[in-house]
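The values are calculated or read from the model by the stated rules, or taken from the named source; none is laboratory data. Values in this document were obtained by computation on a predicted structure and should not be read as measured data. Cβ placement follows ideal geometry from the backbone for every residue including glycine, while neighbour counts extend to all protein chains displayed. Heads up: the accessible areas ignore ligands, DNA and RNA and are worked out on the full protein's heavy atoms, side chains in. Shrake-Rupley method; radii C 1.70, N 1.55, O 1.52, S 1.80 Å.
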Amino acid sequence: KHNPWEIAWEHTWMLAFQTFAAYVRAPEGSCGLTGGVSCSTRGLDGKMFILGAAYSFSKRTALFAYYTKLTNGASALYNNAANAAPDAGSDVTNVSFGIKHDF
């Protein structure tokens with residue numbers, strides 16, 4: 001059994017600036033096998049912290065930046081990068097910048 005959760009906050013300041021923060025937690029959880037066989041979820045936890053900001057030039061165009069730190073437990077393989085395959089227990093850090101335009 002596994003019960004991850006998230007708490008997030010987003011706010012727009014003076015119509016042009018936007019900030020975002022989030023914390024995601026995935027506890028180790030628990031397991032059970034039939035026949036009395038023991039199992040362990042030790043090291044299968046993970047957590048992620050996200051900070052972001054955006055500046056809107058107009059209703060349709062904005063610059064944005066995000067910083068994300070994903071921390072895996074010793075045996076966990078959580079991944080938030082599309083083209084990456086981290087080793088078990090390794091952490092992932094992402095920094096992104098961009099421009100968004102709605103058509």
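Observations on the model:
- Here the strands (runs of 3 or more DSSP E) wholly within the range 40-103 that include at least 1 residues being among the hydroxyl-bearing types (Ser, Thr, Tyr), over 13 Å from the mean Cα position of the chain (by Cα) and surrounded by 14 or more Cβ atoms within 10 Å (Cβ to Cβ) are 46-56.
- Residues of the range 1-22 that are closer than 23 Å to Tyr78 by Cβ and open to solvent by 70 Å² or more (accessible area, probe 1.4 Å): Lys1, His2, Asn3, Pro4, Trp5, Glu6, Ile7, Trp9, Glu10.
- Cβ-Cβ under 6 Å pairs, at least 6 apart or on other chains, the range 56-82 side aromatic (Phe, Trp, Tyr), far side open to solvent by 70 Å² or more (accessible area, probe 1.4 Å): Tyr67/Leu51; Tyr67/Val95
- Residue in the range 28-39 that is touching a residue at least 12 places away in the same chain (Cβ under 8 Å) and in a strand (DSSP E or B) present: no
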